[in-house]
Amino acid sequence: MGAQAELKSRIEESVKTAMRAGQQERRDALRLILAAIKQVEVDTRKDLSDADVLAILDKLGKQRRESIEQFAAAGRNELEAKERRELEIIAEFLPPPLSEAEIGALIDAAIAQAGASSIKDMGKVMNVLRPELQGRADMAAVSASVKTKLSG
């Protein structure tokens with residue numbers, strides 16, 4: 001197993017810690033994360049790497065951000081607050097986000113590495129960027145930036 005399950009192990013330990021501390025809300029949020037990880041493991045029939053777990057955490061975070069927007073617009077403050085707390089817990093396991101300048105530099109490097117010259121090469125550039133940016137940047141925004149740079 002080794003390093004491939006390190007992130008998952010940290011989450012499992014956090015569940016135990018939350019249980020011992022009587023933090024039911026935190027325990028429940030962590031269990032939701034583990035359930036999502038285990039579902040992918042069952043579906044793919046393989047142990048997940050930290051990169052795989054990061055992708056799941058990133059997806060869960062995106063779902064929470066979308067829910068927060070919807071609950072805020074509907075005036076459902078208690079549900080919005082719950083989603084915010086879950087997002088904070090998910091964020092604990094994600095690497096620190098990158099700055100706009102760091103993202104821009106990585107995009108430029110990926111375009112050069114992929115030898116991209118037009119919008120047709122966007123897939124190649126995104127394949128280079130995805131492993132480096134997963135969980136550290138909004139991939140939709142990164143995609144839009146790549147599209148702009150390749151179009152212009």
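Does E83 fit the bill of being surrounded by fewer than 14 Cβ atoms within 10 Å (Cβ to Cβ) and either more than 14 Å from G135 (Cα to Cα) or not assigned by TED's automatic domain parsing to the domain that holds N127 (or both)?
So E83 does not fit the description; no.
Conditions: (1) surrounded by 13 or more Cβ atoms within 10 Å (Cβ to Cβ); (2) under 15 Å from F93 (Cβ atoms); (3) free of Cβ contacts under 8 Å to residues at least 60 places away in the same chain. L7 meets all but one. Number of the miss?
With (1) surrounded by 13 or more Cβ atoms within 10 Å (Cβ to Cβ); (2) under 15 Å from F93 (Cβ atoms); (3) free of Cβ contacts under 8 Å to residues at least 60 places away in the same chain applied to L7, the lone miss is (3).
Within the range 79-129, work out how many residues are among the basic types (K, R) and under 26 Å from S14 (Cβ atoms).
3
Does the range 100-111 include one or more residues that are under 18 Å from the mean Cα position of the chain (by Cα) and either more than 24 Å from K62 (Cβ to Cβ) or exposed (fewer than 15 other Cβ atoms within 10 Å of the Cβ) (or both)?
yes
Yes or no: S67 of a type in the set (S, T, Y), out of contact with any Ser or Thr (no Cβ under 8 Å at 6 or more places or on another chain) and modelled with pLDDT under 90?
No: the conditions fail for S67.
Could you tell me which residue of the range 30-61 is surrounded by the fewest Cβ atoms within 10 Å (Cβ to Cβ), considering only residues that are without any contact (Cβ under 8 Å) to a residue 24 or more places away in the chain and under 13 Å from the mean Cα position of the chain (by Cα)?
K59
Could you say which residue among E41, E88 is within 23 Å of A141 (Cα to Cα) and charged (D, E, K, R)?
E88
The values are calculated or read from the model by the stated rules, or taken from the named source; none is laboratory data. Just so it is clear, the model here is predicted, and its values are computed rather than measured. Glycine gets a Cβ as well: all are built from the backbone with ideal geometry, and neighbour counts include every protein chain shown.
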